[in-house]
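One structure is given below, encoded as structure tokens.
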Amino acid sequence: MKAPVRVAVTGAAGQIGYALLFRIASGEMLGKDTPVILQLLDLPQAQNAVKGVMMELQDCAFPLLAGMVATDDPEVAFKDADIAILVGARPRGPGMERADLLSANAQIFTVQGAALNKVASRNVKVLVVGNPANTNAYIAMKSAPDLPAKNFTAMLRLDHNRALSQIAEKTGKAVGSIEKLCVWGNHSPTMYADYRFATIDGQSVKDMINDQDWNANTFLPTVGKRGAAIIEARGLSSAASAANAAIDHIRDWVLGTNGRWVTMGIPSDGAYGIPKETLFGFPVTCENGEYTMVKDLPIDEFSQERINITLKELEDEKAGVAHLL
Ligand code: NAD
Ligand code: LMR
């Protein structure tokens, strides 16, 4: 058995929290040889609900659950945290865009970034799920000047998984056979899911589909507006699939991808013309607990237009929170 890993989760009483915590405690995120200590943050009025979730976690008798803490104080929740999954934020309702959450949620991430800066492990891996996820991750990163910027990531994995499933359905092939897919940009309808490099059993997905109209007018809108479609259908935003994507993101970051591409929202190093530090969805591979961006991919005119649109949206969001930083 390894030493226990401290995993902080914010918004622990929320619907994503409920779909996430049991899977972390059962070893699905960090492996069946790694005990975890859950450090749960939520608002004061949600503490009772967190206690209820903790009772249920206890009743599962997970052999890997080595401890639990519930608190409304970020400095307690993030103390020595090795992993911090920042879910806690207001979700959007029907008719709202994720950008509408900017002012409601931005302040949460200045406070939590500062707390991470003060008390978390210097190697803490941070995943921001709360929307607008890229800009919230940017705010947290900027509020934590003593931590490496590369430790701050945003969740694009749900878009990546949604795109995989759409391609599997279109081609009639298994989801697990699709390689080298990526999603560029913002976790918003402007994201650009790009299957130009994707392969199935060594064959080009672009050639297999060979339908640019489907790409532009069916695939991209379906993936981009999937969150809204779920809100419309469920009356609540996606939760189990979001929790699943968070597990995928952290598992791959910690345990590696074996050369496979995945999408992570990471601070740009200037590659692909994306300004430095912009929290942008890029193709990455992971090894030894570090991610590496896939570089030097050719960007054609259609792709460049899409990347410009999603970048412009992120720059506007960034300008909208500049006064907080
Ligand atoms: P929810 O309302 O069910 O739960 C949110 C929880 O966060 C609540 O328990 C609330 O009390 C708590 N909270 C609010 N402010 C907090 C703070 N300052 N500190 C700690 N906890 C706080 O919402 P949910 O469905 O779990 O969604 C959470 C967030 O995740 C939303 O912003 C949603 O839009 C976002 N989301 C992102 C993705 C993605 O792919 N990036 C996918 C789905 C949902
Ligand atoms: C999603 O993509 O399902 C989430 O970001 C929730 C939302 O507001 O769309």
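Observations
One line per residue, one yes/no per condition, for (1) touching a residue at least 24 places away in the same chain (Cβ under 8 Å); (2) hydroxyl-bearing (S, T, Y); (3) under 30 Å from P91 (Cα atoms):
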{"site": "A154", "(1), (2), (3)": "yes, no, yes"}
{"site": "I178", "(1), (2), (3)": "yes, no, no"}
{"site": "I200", "(1), (2), (3)": "yes, no, no"}
{"site": "I209", "(1), (2), (3)": "yes, no, no"}
{"site": "D213", "(1), (2), (3)": "no, no, no"}
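- When A89, A61, A114 are checked against the criterion of being within 12 Å of ligand 1 (Cβ to nearest atom) and of a type in the set (A, V, I, L, M, F, W, C), a single residue qualifies: A89.
- So R98, is it surrounded by fewer than 21 Cβ atoms within 10 Å (Cβ to Cβ), within 21 Å of V321 (Cβ to Cβ) and within 11 Å of ligand 1 (Cβ to nearest atom): no
- The stretch 226-260, subset part of a loop (DSSP other than H, G, I, E, B), surrounded by fewer than 19 Cβ atoms within 10 Å (Cβ to Cβ) and not hydroxyl-bearing (S, T, Y), residue nearest to ligand 2 (Cβ to nearest atom): L236
- Sole exception among (1) at pLDDT 95 or above; (2) charged (D, E, K, R); (3) buried (at least 21 other Cβ atoms within 10 Å of the Cβ) for D82, by number: (3)
- Among the residues of the stretch 9-28, those that are assigned to a loop (DSSP other than H, G, I, E, B), touching a helix residue (DSSP H, G or I) at 6+ places or on another chain (Cβ under 7 Å) and within 16 Å of ligand 1 (Cβ to nearest atom) comprise G11, A12, A13.
- Per-region count, the stretch 93-124, residues within 16 Å of ligand 2 (Cβ to nearest atom), assigned to a loop (DSSP other than H, G, I, E, B) and either in contact with a helix residue (DSSP H, G or I) (Cβ under 6 Å, 6 or more places away or on another chain) or closer than 22 Å to K150 by Cα (or both): 1
The values are calculated or read from the model by the stated rules, or taken from the named source; none is laboratory data. Every value quoted in this text rests on a predicted model; they were computed, and no experiment measured them. Quick reminder, even Gly has a Cβ in these numbers, built from the backbone with ideal geometry, and neighbours come from all protein chains shown.
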